């Protein structure tokens, strides 16, 4: 296993453990203890967020800031931390436009066209044009959701609007 693969696996395990511990925290019967643990966690996260924000400011002031920021957001672990603290240097919309542009040749080769209709911090809406493609709808939705979620895991919801006009026209012809 490569070093990068080990790092990715370790990150995934840490994130899963974090989710389990956060859920366990909510299950603590002692209200005082639960609130103290929540406050401690909030303070640690706030300290990290402030430190990362200062680091981002220092990087932004450097001569090579764009290249440094791109290297940082390419690193999965660093990207996860920046997203956790709301410090990702690219907007949700920019990240989604990038992934749609990157995936579009693959989708086009299969007769699909995906358009980003709108995006906000919490919500994205895309339109899928199938152009005669008869792939299972659930499979297409999952593929699109996975691509968008990978680019913007901070989204709360993704709406995929299906435009099947071309599909029906071609089928009826």
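The values are calculated or read from the model by the stated rules, or taken from the named source; none is laboratory data. Bear in mind the structure is a predicted one, so any value in this text is a computation, not a measurement. Cβ sites come from the backbone with ideal geometry, for glycine too, and all protein chains shown count toward neighbours.
Residues of the range 68-92 that are touching a strand residue (DSSP E or B) at 6+ places or on another chain (Cβ under 9 Å), surrounded by 14 or more Cβ atoms within 10 Å (Cβ to Cβ) and assigned to a loop (DSSP other than H, G, I, E, B): none at all. Of all residues in the range 140-152, those satisfying the criterion of being exposed (fewer than 15 other Cβ atoms within 10 Å of the Cβ) and closer than 18 Å to residue 80 by Cα are 146, 149, 150. Residues in the range 15-25: is at least one loosely packed, with under 12 Cβ neighbours inside 10 Å, more than 23 Å from the chain's Cα centre (by Cα) and assigned by the TED database to the domain that holds residue 75? Among the residues of the range 15-25, at least one is loosely packed, with under 12 Cβ neighbours inside 10 Å, more than 23 Å from the chain's Cα centre (by Cα) and assigned by the TED database to the domain that holds residue 75, which makes the answer yes. You will find that of 24, 36, 29, 60, the residue that is closer than 28 Å to residue 151 by Cβ, without any contact (Cβ under 8 Å) to a residue 40 or more places away in the chain and out of contact with any strand residue (DSSP E or B) (no Cβ under 6 Å at 6 or more places or on another chain) is 60 and no other. If I ask for residues that are assigned to a helix (DSSP H, G or I), farther than 14 Å from residue 107 by Cβ and without any contact (Cβ under 8 Å) to a residue 24 or more places away in the chain, which ones from the range 130-144 would you list? Within the range 130-144, 138 is the sole residue that qualifies.
Being in a loop (DSSP other than H, G, I, E, B) and surrounded by fewer than 11 Cβ atoms within 10 Å (Cβ to Cβ): is that true of residue 42 here? No, not satisfied.
Considering the range 99-109, and only residues there that are closer than 20 Å to residue 135 by Cα and surrounded by 13 or more Cβ atoms within 10 Å (Cβ to Cβ), the residue that is modelled with the lowest pLDDT turns out to be 107.
Between 96, 112, the distinction of being closer than 30 Å to residue 136 by Cβ, within 21 Å of the chain's Cα centre (by Cα), at pLDDT 85 or above and assigned by the TED database to the domain that holds residue 154 belongs to 96 only.
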